[in-house]
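The values are calculated or read from the model by the stated rules, or taken from the named source; none is laboratory data. On a predicted model such as this, the values are computed, not experimentally measured, just so you know. Cβ placement follows ideal geometry from the backbone for every residue including glycine, while neighbour counts extend to all protein chains displayed.
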2 protein chains.
Amino acid sequence: MEDRVKPKTLPGFMELLPNEQILFNKMKEKIEKTYQKYGFLPLDTPIIEDAKVLLAKAGGETEKQIYRFEKGENDLALRFDLTVPLAKYVTQYYDKLSFPFKRYQIGKVYRGEKPQRGRYREFYQCDVDIIGDGKLSIINDAELPAIIYDTFKNLGFDDFTICINNRKILNGLFASLELTEESAEILRIIDKIDKIGKEAVRVELAKEIGNKIDTIIEFISIEGNNEDKIEALKSMNIDNDIFQEGLKEIEQLTKFIKIFGVPENYYNIDLTIARGLDYYTGTVYETFLNQYRNLGSICSGGRYDNLAGFYTDRQMPGVGISIGLSRLFFQLIDNNIITADEQSIADVLVVSMSDEYEKVAEIASKLRENGINTQVNIEDQKLGKKFKYADNLNVKYVIVIGEDEIKNNVVSLKNMDTGEQQTITLEDVLKTVNNRH
Amino acid sequence: MEDRVKPKTLPGFMELLPNEQILFNKMKEKIEKTYQKYGFLPLDTPIIEDAKVLLAKAGGETEKQIYRFEKGENDLALRFDLTVPLAKYVTQYYDKLSFPFKRYQIGKVYRGEKPQRGRYREFYQCDVDIIGDGKLSIINDAELPAIIYDTFKNLGFDDFTICINNRKILNGLFASLELTEESAEILRIIDKIDKIGKEAVRVELAKEIGNKIDTIIEFISIEGNNEDKIEALKSMNIDNDIFQEGLKEIEQLTKFIKIFGVPENYYNIDLTIARGLDYYTGTVYETFLNQYRNLGSICSGGRYDNLAGFYTDRQMPGVGISIGLSRLFFQLIDNNIITADEQSIADVLVVSMSDEYEKVAEIASKLRENGINTQVNIEDQKLGKKFKYADNLNVKYVIVIGEDEIKNNVVSLKNMDTGEQQTITLEDVLKTVNNRH
């Protein structure tokens, strides 16, 4: 016999057991159906792209993490997000698309990060973006929180907050204080407020910016509901066009989020969020499970002025959000927020007492014709083993066929949840078994 | 401005326009739902695997076509089919799985073939396999044609044939004639029968095997319905155990295919099909669209004695089928067998006469609450341009809001197919627009 290879999956690559996979796929499908409810078009770009195309804008960390390799004469790379392929796509097929171009894409992306618990090298992103041709109304920015709200509601969550901010408010504020160069450092300090408290932030900031601290502290101290915050921002009287533009946008945004059907306790202006990625230029979003704020943002995104500047002269502003589904799924399972224990595909398993396989096939065929997911076990096994099999697969109903059942033209139906067993006609089985399609 | 990169997609990588993508995804979903109807469990293995694991058995053509590269110290490869990852999976998670293990997997695989029209380097395979632990009843082989039948019926096809054969019949026949070594060459010649005719095949065979040709010709001349063919095979009185075993299997198979609900005119014993892959050891399947036989087999598969011999001592027989969806989709579009012209995601587009955006958002929100896929256009555009947009997206209904509509608490609903326009209440819109969810 040839030498055997030990089968193993690479570290950092998610591979699920069937019951987990069923749950994962259900979540993915709910996300997709919600995205479709808002009229977004599906897209499925290649995982492999020309490295030069994919890395047109990338640099630094991204470049290091990327899977890049040669095949023949081609310099290839695996996509590391779904935004660069979107920029490529809208430029390449510009003439064939209708703008605003609304698309969703759900697919795997690749980053060769150091594998850590819950950090994956291959992971699903679920993105929606709206791309304008030249310009794009701010009202689009208000539709995305409705999609976030709807998506997480459909996923079964009730207690979450969509935090919104506008980069123009931050950028304008810093510009008005002549602190533009220090802004990244200031934001880094402010970002620690949840961890170290407001007083420690004040001390650190004072070291950085001295007497300009009062305005910053006034800014990050703004509290109340969204209307209160907008009023407080107005009353700061910041003399900067960018700031005032951002303020006007966030006022429009909060108004329209409500009209798009998001209850007010689900969204919240949070003036301290900025998002790491430097391409966001206006609205930014982060989403938190209120009871699990430590998980970090579970859905983030924002507005960018120019999607495809590295491919084309055309100005294409956009706004989008992304759910990192693989990581989210790991976190939800790991924290017992969801469980895959009871997941199944088949509603019914049909088995026989001994070798009544023809009747098994016949009954299964009739159930399937009636839209019931039906599995057969036609192996030469003891009945007990077949029930164990049904149990392992979390199948709700087992139909058993024996000589008596065939003679009397009935079947024996066992409900695996209750243990209840009935001898009934196939017609009654169809009524009993919930048709879930 | 920085230097621009020309955006392009690599040759051999399928990238679809939105309407085509919608149709592609619908087909993919129909295949998946059908696989689930038979109780198969979903699986989603990584696209990247350890090259040593993935190539444990591969060699020759496969090795040349594979995408293999290094990242850090890792020797990596992209999966080239879904069967090797399945072998890895069932060995690795053996203790946590229930056998027979029935799984489906729909995903992209990678082969660096020379790009040709309709041949892809990245393409979807849609696989179902049943894996036994030690043994696996032949009746499983009869369930797969039922899945093929059901799948292509659900995809909208009516005129196709599932061709079945059994490698044991061929192998036994050749062994009985002491032609085992010549069998590959004989099969190659027989395979040309559709192209060059029976007489030319006879001439070529005579060169190869001299006077043993009579039995071979008798064999390939067997005609009639499935029962006739089985009778003819029996009456050949081939004195070989493997042949007789294959004959018994195909007799069982055809009997059970019928019981599993496949009409007899949809499946057919074809003694000349053998499938290229050398791991098939029993039943083999090919599926043809009768009016487009030139497309080749659109769904193929078979039985293999031992799935994971390169990973484990455990004998795991299996039987499976695969649909190469990317290639099939290309062929169907290319031959005008299907068209993506009318595909859409949104059922309704809501627009305003001028700046009645609040009402647009409100109406859209209500339609979505009622399960209707609804898109908004809230850009500062002329109404004509918005109708053109609806037209491009193949949206069936456009709702227009203007001052009058708001005043009278109605909307204007245009059916884009008929051109008919009504001024009605939102309640009546909900009744009119077909709720497709």
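Just checking, which of A:56, A:77, A:87 is farther than 26 Å from residue A:334 by Cα, at pLDDT below 95 and crowded, with 21+ Cβ neighbours inside 10 Å?
None of the others qualify; the one that does is A:56.
Before we move on, is residue A:377 more than 35 Å from the chain's Cα centre (by Cα), under 25 Å from residue A:340 (Cβ atoms), within 14 Å of chain B (Cβ to nearest Cβ) and modelled with pLDDT of 95 or more?
For residue A:377, the condition - more than 35 Å from the chain's Cα centre (by Cα), under 25 Å from residue A:340 (Cβ atoms), within 14 Å of chain B (Cβ to nearest Cβ) and modelled with pLDDT of 95 or more - is met.
Given the conditions (1) in contact with a Pro (Cβ under 9 Å, 6 or more places away or on another chain); (2) facing another protein chain (nearest Cβ under 7 Å); (3) modelled with pLDDT of 95 or more, and given that residue A:100 satisfies all but one, which numbered condition is not satisfied?
Condition (1) is where residue A:100 drops out.
Yes/no matrix, rows are residues, columns are (1) under 19 Å from residue A:108 (Cα atoms); (2) in contact with a strand residue (DSSP E or B) (Cβ under 8 Å, 6 or more places away or on another chain):
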{"residue": "B:5", "(1), (2)": "no, no"}
{"residue": "B:14", "(1), (2)": "yes, yes"}
{"residue": "B:34", "(1), (2)": "no, no"}
{"residue": "B:39", "(1), (2)": "no, yes"}
{"residue": "B:80", "(1), (2)": "yes, yes"}
{"residue": "B:88", "(1), (2)": "no, yes"}
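Can you confirm whether residue B:97 is surrounded by 18 or more Cβ atoms within 10 Å (Cβ to Cβ), over 22 Å from residue B:14 (Cα atoms) and free of Cβ contacts under 8 Å to residues at least 24 places away in the same chain?
So residue B:97 fits the description; yes.
Only one of these is among the polar types (S, T, N, Q), loosely packed, with under 13 Cβ neighbours inside 10 Å and touching a Gly at 6+ places or on another chain (Cβ under 8 Å): B:412, B:354. Name it.
B:354
Suppose we keep only residues that are among the charged types (D, E, K, R) and more than 7 Å from chain A (Cβ to nearest Cβ) within the range B:47-61. Which one would you say is nearest to the chain's Cα centre (by Cα)?
Checked the range B:47-61; the qualifying residue nearest to the chain's Cα centre (by Cα) is B:61.
Okay, residues lined up against (1) of a type outside the set (A, V, I, L, M); (2) surrounded by 12 or more Cβ atoms within 10 Å (Cβ to Cβ); (3) on the phi > 0 side of the Ramachandran plot:
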| residue | (1), (2), (3) |
| --- | --- |
| B:383 | no, yes, no |
| B:389 | yes, yes, no |
| B:398 | no, yes, no |
| B:419 | yes, no, yes |
| B:422 | yes, yes, no |
| B:431 | yes, no, no |
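Residues of the range B:344-368 being facing chain A (nearest Cβ under 7 Å) and closer than 24 Å to residue A:153 by Cα, which ones?
Result: B:345, B:346, B:358, B:361, B:362, B:365, B:368.
Identify the residue in the range B:81-94 that is out of contact with any Gly (no Cβ under 9 Å at 6 or more places or on another chain) and outside any helix (DSSP H, G or I) and, among all such residues, is farthest from the other protein chains (Cβ to nearest Cβ).
The residue in question is B:81.
With the structure loaded, tell me whether residue A:143 is within 12 Å of chain B (Cβ to nearest Cβ) and part of a helix (DSSP H, G or I) or whether it fails that test.
Spelling it out, residue A:143 is indeed within 12 Å of chain B (Cβ to nearest Cβ) and part of a helix (DSSP H, G or I).
Residue under question is residue A:110, and the condition is that it be in contact with a Phe, Trp or Tyr (Cβ under 8 Å, 6 or more places away or on another chain), more than 8 Å from chain B (Cβ to nearest Cβ), crowded, with 18+ Cβ neighbours inside 10 Å and under 30 Å from residue A:133 (Cα atoms); does it hold?
no
Just the residues that are without any contact (Cβ under 8 Å) to a residue 24 or more places away in the chain and assigned to a strand (DSSP E or B), please, taken from the range B:391-413.
B:412, B:413, listed by residue number.
Here is a list of conditions, (1) touching a residue at least 40 places away in the same chain (Cβ under 8 Å); (2) farther than 30 Å from residue A:9 by Cα; (3) touching a helix residue (DSSP H, G or I) at 6+ places or on another chain (Cβ under 7 Å), and residue A:89 meets all of them except one; can you say which number that is?
Tallying (1) touching a residue at least 40 places away in the same chain (Cβ under 8 Å); (2) farther than 30 Å from residue A:9 by Cα; (3) touching a helix residue (DSSP H, G or I) at 6+ places or on another chain (Cβ under 7 Å), residue A:89 fails exactly one: (3).
So residue A:234 ticks every box in (1) in a helix (DSSP H, G or I); (2) surrounded by 15 or more Cβ atoms within 10 Å (Cβ to Cβ) but one. Which box is left unticked?
Residue A:234 satisfies all of (1) in a helix (DSSP H, G or I); (2) surrounded by 15 or more Cβ atoms within 10 Å (Cβ to Cβ) except (2).
How many residues are within 11 Å of another protein chain (Cβ to nearest Cβ), in a loop (DSSP other than H, G, I, E, B) and among the aromatic types (Phe, Trp, Tyr) when one looks only at the range A:62-80?
1
Considering only the range A:366-381, state which residues are in contact with a helix residue (DSSP H, G or I) (Cβ under 7 Å, 6 or more places away or on another chain), in a helix (DSSP H, G or I) and more than 16 Å from residue A:412 (Cα to Cα).
Across the range A:366-381, the qualifying residue is only A:368.
Would you call residue A:15 without any contact (Cβ under 8 Å) to a residue 40 or more places away in the chain and within 7 Å of chain B (Cβ to nearest Cβ)?
yes
What are the residues in the range A:301-320 that are away from every other protein chain (no Cβ under 14 Å) and buried (at least 24 other Cβ atoms within 10 Å of the Cβ), if any?
A:301, A:302, A:303, A:304, A:320
Look through B:396, B:388 and report the one residue that is of a type in the set (Lys, Arg) and either in contact with a Lys or Arg (Cβ under 8 Å, 6 or more places away or on another chain) or under 30 Å from residue B:158 (Cβ atoms) (or both).
Step by step, each of B:396, B:388 is checked, and only B:396 is of a type in the set (Lys, Arg) and either in contact with a Lys or Arg (Cβ under 8 Å, 6 or more places away or on another chain) or under 30 Å from residue B:158 (Cβ atoms) (or both).
Here are some conditions: (1) more than 7 Å from chain B (Cβ to nearest Cβ); (2) surrounded by 17 or more Cβ atoms within 10 Å (Cβ to Cβ); (3) assigned to a loop (DSSP other than H, G, I, E, B). Residue A:44 meets all but one. Which one does it not meet?
The number of the failed condition is (1).
A quick yes/no check of all residues on (1) polar (S, T, N, Q); (2) in contact (Cβ under 8 Å) with a residue 60 or more places away in the chain:
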residue: B:206; (1), (2): no, no
residue: B:214; (1), (2): no, no
residue: B:227; (1), (2): no, no
residue: B:230; (1), (2): no, no
residue: B:234; (1), (2): no, no
residue: B:242; (1), (2): no, yes
residue: B:258; (1), (2): no, no
residue: B:268; (1), (2): yes, yes
residue: B:291; (1), (2): yes, yes
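From the list B:357, B:397, exactly one residue is among the aromatic types (Phe, Trp, Tyr) and touching a strand residue (DSSP E or B) at 6+ places or on another chain (Cβ under 6 Å). Which is it?
When all the criteria are applied, what remains is B:397.
So, in the range B:218-232, how many residues would count as being touching a helix residue (DSSP H, G or I) at 6+ places or on another chain (Cβ under 6 Å) and farther than 16 Å from residue B:274 by Cβ?
Matching residues across the range B:218-232 total 2.
Only one of B:204, B:223, B:208 is part of a loop (DSSP other than H, G, I, E, B) and either outside the structural domain of residue B:296 (by TED's automatic domain parsing) or modelled with pLDDT under 95 (or both). Can you tell me which?
Just one listed residue meets the conditions, B:223.
Exactly one of these conditions fails for residue A:174: (1) crowded, with 17+ Cβ neighbours inside 10 Å; (2) within 14 Å of chain B (Cβ to nearest Cβ); (3) of a type in the set (Phe, Trp, Tyr). Give me its number.
Every condition holds for residue A:174 apart from (2).
Please determine, by comparing only the residues of the range A:113-123 that are assigned to a strand (DSSP E or B) and crowded, with 19+ Cβ neighbours inside 10 Å, which one is farthest from the chain's Cα centre (by Cα).
Per the stated criteria, the residue is A:122.
Within the range A:151-166, which residues are assigned to a helix (DSSP H, G or I) and buried (at least 22 other Cβ atoms within 10 Å of the Cβ)?
A:151, A:152
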